[in-house]
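Data first, discussion second: the structure below is written as structure tokens.
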Amino acid sequence: MQNLAQHYASTPRPMQLLQLDAIAQAQASRNPYPHVIASGALLAGVGESLKRDFPGITKTGYLPLSLLERKGAFDALLSDLESPELAALLSDKLGLELRDKPRMITVRKWSAGSDGRIHNDGEAKIATSLIYLNETWPEGDGGRLRVLRSDQSFDDTAAEVPPTYGTFFAFARTENSWHGHKPFTGERRVIQTTWLRSWEDYRRKEKRGRFSFLLKRFTSSSY
């Protein structure tokens, strides 16, 4: 019986904007931890609509979806990211079971120079995906997420993820799933989908995200 990756590569799915076949056809890697990088994972020709309908975020960091307005092309993409088809495909790609796990979506529009430090996610996370919505990206290595072999240096890189329109990156959280990017300040549009161990973890992270937003609202400057 063909696996899910083969299935999605050959069978069109009723996605609106997310191109599951592009993700299915991308080669998954286990070095140094399970991950997949795909290009062309967004429908061509809708970049302007996504930019128009993207939330008017003025603060840095990731915001919980519950704080944002869903409309138009942005809402269509969110529906694709919430689909059981994506969870099934990534379960196959990453060697995990994500179908029955709580899913949290957070959204970023702006990066600060202090963002992107090398880190590993906490144990509450099982897997994470990122879909980038930036039509162009400046020369240089700032803001380009790196799959790292250790927490010691950005030079110990296994793969680099260009933050350009339609680039999709997903990885399993492991004891060595180090990642980060060199400093970048400015607009960096990305939607993050995280699968969590439990609804208790979901509620805790949602509460923390809302608190962080309120704190920034009163203490930080806007772009």
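The values are calculated or read from the model by the stated rules, or taken from the named source; none is laboratory data. Worth saying up front: this structure is predicted, and the values here are computed from it rather than measured. Every residue, glycine among them, receives a Cβ derived from its backbone with ideal geometry; neighbour counts consider all protein chains shown.
The residue that is surrounded by the most Cβ atoms within 10 Å (Cβ to Cβ), counting only those in region 94-109 that are closer than 20 Å to GLU175 by Cβ and of a type in the set (A, V, I, L, M, F, W, C), is LEU98.
Going through (1) touching a helix residue (DSSP H, G or I) at 6+ places or on another chain (Cβ under 7 Å); (2) touching a residue at least 60 places away in the same chain (Cβ under 8 Å) one by one, THR58 falls short only on (1).
Conditions tested, residue by residue: (1) aromatic (Phe, Trp, Tyr); (2) surrounded by fewer than 17 Cβ atoms within 10 Å (Cβ to Cβ); (3) under 16 Å from GLY61 (Cα atoms).
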| residue | (1), (2), (3) |
| --- | --- |
| SER111 | no, no, yes |
| ASP115 | no, no, yes |
| HIS119 | no, yes, yes |
| GLY122 | no, yes, no |
| ALA127 | no, no, no |
| THR136 | no, yes, no |
| GLU139 | no, yes, no |
| GLY143 | no, no, yes |
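Candidates in region 52-93 are the residues that are outside any helix (DSSP H, G or I) and of a type in the set (D, E, K, R); of these, the one that is surrounded by the most Cβ atoms within 10 Å (Cβ to Cβ) is LYS59. Looking only at region 77-116, count every residue that is over 23 Å from ALA26 (Cα atoms) and either within 16 Å of the chain's Cα centre (by Cα) or free of Cβ contacts under 8 Å to residues at least 12 places away in the same chain (or both) and tell me the total. Number of matching residues: 11.
One residue alone among ALA124, ALA112, ALA158 is touching a helix residue (DSSP H, G or I) at 6+ places or on another chain (Cβ under 9 Å) and not β-branched (Val, Ile, Thr), and that residue is ALA124. Considered as a group, the residues in region 61-75 that are over 16 Å from the mean Cα position of the chain (by Cα) and touching a residue at least 40 places away in the same chain (Cβ under 8 Å) include one that is farthest from ARG208 (Cα to Cα), and that residue is ALA73. Checked against the criterion of being outside any loop (DSSP other than H, G, I, E, B), out of contact with any His (no Cβ under 6 Å at 6 or more places or on another chain) and modelled with pLDDT under 95, region 24-43 contains not a single residue that satisfies it. Scoring LEU77 on the criteria (1) among the hydrophobic types (A, V, I, L, M, F, W, C); (2) closer than 23 Å to PRO162 by Cα; (3) touching a strand residue (DSSP E or B) at 6+ places or on another chain (Cβ under 6 Å) leaves a single failure, condition (3). Listed by first and then second residue, the pairs linking a residue in region 126-141 that is more than 24 Å from LYS93 (Cβ to Cβ) to a residue that is of a type in the set (D, E, K, R), with Cβ atoms under 7 Å apart and 6 or more places separating them unless they lie on different chains, are ASP141/LYS182. A Cβ distance below 6 Å, combined with a sequence gap of six or more or placement on separate chains, defines the contacts here; from region 187-204, residues that are more than 19 Å from ALA88 (Cβ to Cβ) reach residues that are basic (Lys, Arg) in the pairs ARG189/LYS109; VAL190/ARG108. For GLY45, the conditions (1) more than 26 Å from GLU175 (Cα to Cα); (2) of a type outside the set (Val, Ile, Thr); (3) in contact (Cβ under 8 Å) with a residue 12 or more places away in the chain are fulfilled apart from (3). A search for C-beta distances below 9 Å between a residue of region 19-34 that is touching a residue at least 24 places away in the same chain (Cβ under 8 Å) and any residue that is hydroxyl-bearing (Ser, Thr, Tyr) and part of a helix (DSSP H, G or I), counting only pairs 6+ apart in sequence or on different chains, returns LEU20/TYR8; ILE23/TYR8; ALA24/TYR8; ALA24/SER10.
Within region 67-89, can you find the residues that are out of contact with any helix residue (DSSP H, G or I) (no Cβ under 8 Å at 6 or more places or on another chain) and closer than 24 Å to TRP199 by Cβ? Matches in region 67-89: LEU68, SER79, LEU81, GLU82, SER83, PRO84, ALA87.
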